[in-house]
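Undergrad: Structure below; questions to follow.
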Amino acid sequence: MSRSRSRFGAHVGGGYTMVELVVVCAVLVILAAVALPTAKHSIKRGKEIELRQALRQMRNAIDEFKRYSDAGLIAVELGTDGYPSELEILVEGIEVVGQIDKSVRFLRRIPVDPMTGEAEWGLRSFQDDFDSDSWGGENVFDVYSLSEGVGLDAVPYQEW
């Protein structure tokens, strides 16, 4: 039985050669090597976007609380300088001065830190140093991530 040959002498319908399979495998390995770091960076970038949104949301809520207290719409606790005494007050709500059974909430819930997976945040009070990593306990002036990681911009998450 003879196989038909093409005009170049190769067998027709014989399947792939070993060289073709090796080339295809090499191309797939190269594509995977390029795609893997890109996928890792995109996942980390997504978490960083979530972290920025959570920090912005909590900082806006703290600022709104301060505006309400400065305007005299909510009672100011002694020693807090008009800032919330703890982060949970933003979720629980606080009564509006001069109105019966009316309270205002500044957050629906405390966001989860996407870097740690916990709803735990580092806190700074108005009396603390700007780069302090311990909370004085007087009030909540600022929040930061407790993650030890470093962002794609080479800035530690705790400094965001």
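Undergrad: Residue check, Asp70 against (1) over 25 Å from the mean Cα position of the chain (by Cα); (2) acidic (Asp, Glu); (3) crowded, with 16+ Cβ neighbours inside 10 Å, all met but one. Which one?
TA: The one condition Asp70 does not meet is (3).
Undergrad: Is it true that some residue in the range 62-85 is aliphatic (A, V, I, L, M), part of a helix (DSSP H, G or I) and within 17 Å of Trp160 (Cα to Cα)? Reasoning before the result, please.
TA: Looking only at the range 62-85, we keep the residues that are aliphatic (A, V, I, L, M), and these are 62, 71, 73-76, 78.
Still in the list and also part of a helix (DSSP H, G or I): 62.
This time we only want the ones that are within 17 Å of Trp160 (Cα to Cα), so: 62.
Yes, there is a match, as at least one residue in the range 62-85 is aliphatic (A, V, I, L, M), part of a helix (DSSP H, G or I) and within 17 Å of Trp160 (Cα to Cα).
Undergrad: Name the residue that is modelled with the highest pLDDT, counting only residues in the range 121-139 that are of a type in the set (Gly, Ala, Ser) and surrounded by 13 or more Cβ atoms within 10 Å (Cβ to Cβ).
TA: Gly122
Undergrad: Given the residues Glu64, Glu77, Glu48, which is the only one that is farther than 16 Å from Trp121 by Cα and buried (at least 16 other Cβ atoms within 10 Å of the Cβ)?
TA: On the way: Glu64 fails: buried (at least 16 other Cβ atoms within 10 Å of the Cβ); Glu48 fails: farther than 16 Å from Trp121 by Cα.
Matching residue, one of Glu64, Glu77, Glu48: Glu77.
Undergrad: Pairs, please: C-beta under 6 Å, at least 6 apart or cross-chain, first residue over 14 Å from Met115 (Cα atoms) and in the range 137-160, second assigned to a loop (DSSP other than H, G, I, E, B) and aliphatic (A, V, I, L, M)?
TA: Val140/Leu87
Undergrad: Is there any pair linking a residue in the range 57-80 that is closer than 22 Å to Ile110 by Cβ and touching a residue at least 60 places away in the same chain (Cβ under 8 Å) to one that is surrounded by 15 or more Cβ atoms within 10 Å (Cβ to Cβ) and among the acidic types (Asp, Glu), with Cβ under 8 Å and at least six apart or on different chains, and which?
TA: Once the first residue is closer than 22 Å to Ile110 by Cβ and touching a residue at least 60 places away in the same chain (Cβ under 8 Å) and sits in the range 57-80, its partners that are surrounded by 15 or more Cβ atoms within 10 Å (Cβ to Cβ) and among the acidic types (Asp, Glu) give Arg59/Asp142; Ile62/Asp142.
Undergrad: Just give me the residues in the range 57-90 being of a type in the set (Asp, Glu) and at pLDDT 90 or above, in sequence order.
TA: Within the range 57-90, Asp63, Glu64, Asp70, Glu86, Glu88 meet the criteria.
Undergrad: Counting only residues that are outside any loop (DSSP other than H, G, I, E, B), modelled with pLDDT under 90 and surrounded by 13 or more Cβ atoms within 10 Å (Cβ to Cβ), how many does the range 96-120 have? Show your work before the answer.
TA: Quick first cut of the range 96-120, residues outside any loop (DSSP other than H, G, I, E, B) only: 96, 103-104, 113, 118.
Okay, now just the ones that are also modelled with pLDDT under 90, so 96, 103.
Filter once more, keeping what is surrounded by 13 or more Cβ atoms within 10 Å (Cβ to Cβ): 96.
Here the count works out to 1.
The values are calculated or read from the model by the stated rules, or taken from the named source; none is laboratory data. Just so we're clear, the structure is a prediction, and the values are computed from it rather than from any experiment. Don't worry about glycine lacking a Cβ; one is built from the backbone with ideal geometry, like all the others, and counts go over all protein chains shown.
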